[in-house]
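The values are calculated or read from the model by the stated rules, or taken from the named source; none is laboratory data. For clarity, every value in this text was computed on a predicted model and none was experimentally measured. Heads up, the Cβs are rebuilt from the backbone with ideal geometry, glycines too, and the neighbour counts pull from every protein chain shown.
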Amino acid sequence: MNNAAENPDTEPAISALMLDMGKAARAAAAELAMATRDAKNLALRTAAAAVRARKAEILAANVRDMTAARAKGLTPAMLDRLELNDDRIEGMAAGLEAVAALDDPVGQVMAAWDRPNGLHIERIRTPLGVIGVIYESRPNVTADAGSLCLKAGNAVILRGGSESFHSSRAIMDCLADGLAAAGLPDAAIQLIPTTDRAAVGALLRLTEYVDVIVPRGGKSLIERVTAESRIPMFKHLEGLCHTYIDVTADPDKARKIAFNAKMRRTGVCGSTETLLVARAVAADLLPGIVDDLTAAGCEVRGDSSAQAIDPRIIAAGDADWDTEYLDQIISVAVVDGVDQAVAHIAEHGSHHTDAIISEDPVAIATFLNKVDSAIVMVNASTQFADGGEFGMGAEIGISTGKLHARGPVGVEQLTSFKYIVRGTGHCRP
C-alpha cells in the first residue's frame, strides 16, 4: 500500500501521490510477471480468509458509507449497489477463491507452429502490465478487480467511488494480507487513498506507468474518462439492456424471464431496461407481465400500443428509450417482429446485453446475427450478464467495445501476448 497521507488536499500533492503509485505499480508489475501460480493463488486464498475473518470490520465500514450515502440522498438503486451484508461478503470471499481456482493464463501457449525453414513459433499469453480501474458505488469491485488483475500477473491501481471509500479500504486491507502472506509486492494492488476527483485526472495522465484504464460506472464517469484519458481503455458503458418477446415465445418462459430480467436486482448493469413484445402476442402476454411487475413495485412505461393493451402502463417519453433506469422502472414497446426489435435495439441500445425469448430458430438466428452487442442471449434473463455466471470467477466489468476485450472482462481479457521464435542458428537469406 502507498504510504502517502490520506486525502491530500492540494493538486500538486495529489499529482505527486499518483506518480509515486504509478512508479511503485510498474516495479511491482515486473515482479508479478515472474510470480508463480502458487504464490498468486496463496495471496488470493489468504485474502478470502481475511474477508471472512474481518467481516465485522467490513460491515462497520459499510455502515459508515451507507449512512453518508443516505444523507446525500442516493437513489435506492445506488444504495443497493453500495450495501454489503453477510451474503455479499461471503460472495466476495467465494469470488476470490473462484479466481484462485482458475487456470493461470500467464505463459499459456495460445498457438504454436513450425515454419518450413525449421523455425518454431509460439504465441504466449503475457500480463498487460499495470491496470488502472476506476469504479463507482460497488465496493465488491475492489476484491473482483484486485483478484483478477493479480491472477493475470498485472499490478493494479484502484480508484473506488467516494461513496464506498471506507468499505473499499476495509476490503483492500484483506487483499494486502494476501499479498504479504505470499511474499508478493505490496504495490501489486493499490487503492488510491483520497476521494479528491483530481486523483482520477492524475491517473489518466500516467502514460509512462499505466498500460490500460478500465472505467466502470455511470455515463458521466465514462464520458470524463473518454475525454481525458491518454491511456487505452476497456470501456464499460451503461447497460441499456433489452428483452424481446417473439411471437413464438413460450408464455411461461416469457413471463418468468421478463420479471427476473428486470426485478432480480434493478441496480446492476445487466438489468433489462426495455421490454419489446411482438404485436401478435402482446395482448395475451403483457397483462400478466404487468401484473408481476406492478405487484413488485415496478413502474411500467410504454408506447401507445402497450398503453392500449393495459391501462396501468403510463406514457413513455422519448427519453425513456435511452435511459438506464437502474431502478424499479421499465419501458415497454410493441414491435411488429424480430426485425423491428433489432432496429429498436440498434437505435437505443448500448451494445451491452440483449435477449430474445423465442422458439423459432429463424427468429433466433436473425436476432443473434444482427444484434451488435457484447452479450446476446436466447431464452435467458439478461441478469446472467456477469463474469461469475460465465464461469470466469469474477469480472472487472462488461466491455462494450470491440477491440481486445468484449463482454465480461476476466483473467484472459487482462492479458496480452507475445511471439516467441526459436531457431537453431537461423539467418535470413
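List of remarks:
- Given (1) closer than 25 Å to T226 by Cβ; (2) crowded, with 22+ Cβ neighbours inside 10 Å, index of the condition A187 fails: (1)
- D86 falls short on exactly one of the conditions (1) over 30 Å from I329 (Cα atoms); (2) surrounded by fewer than 17 Cβ atoms within 10 Å (Cβ to Cβ), and that condition is (1).
- Sole exception among (1) modelled with pLDDT of 95 or more; (2) under 30 Å from R159 (Cα atoms); (3) not polar (S, T, N, Q) for I313, by number: (2)
- Filtered by the rule that a residue be within 19 Å of A188 (Cβ to Cβ) and surrounded by fewer than 19 Cβ atoms within 10 Å (Cβ to Cβ), region 207-230 gives a lone residue, E208.
- Flag if S137 is among the hydroxyl-bearing types (S, T, Y), within 29 Å of R37 (Cα to Cα) and within 19 Å of the chain's Cα centre (by Cα): no
- Residue that is nearest to R224 (Cα to Cα), among those in region 245-288 that are over 23 Å from the mean Cα position of the chain (by Cα) and in a strand (DSSP E or B): L276
- Listed conditions (1) among the hydroxyl-bearing types (S, T, Y); (2) under 22 Å from R159 (Cα atoms); (3) surrounded by 18 or more Cβ atoms within 10 Å (Cβ to Cβ) are all met by T67, apart from (3).
- Criterion (in contact (Cβ under 8 Å) with a residue 60 or more places away in the chain, out of contact with any Asp or Glu (no Cβ under 8 Å at 6 or more places or on another chain), buried (at least 24 other Cβ atoms within 10 Å of the Cβ) and on the phi < 0 side of the Ramachandran plot) met by exactly one of A101, A143: A143
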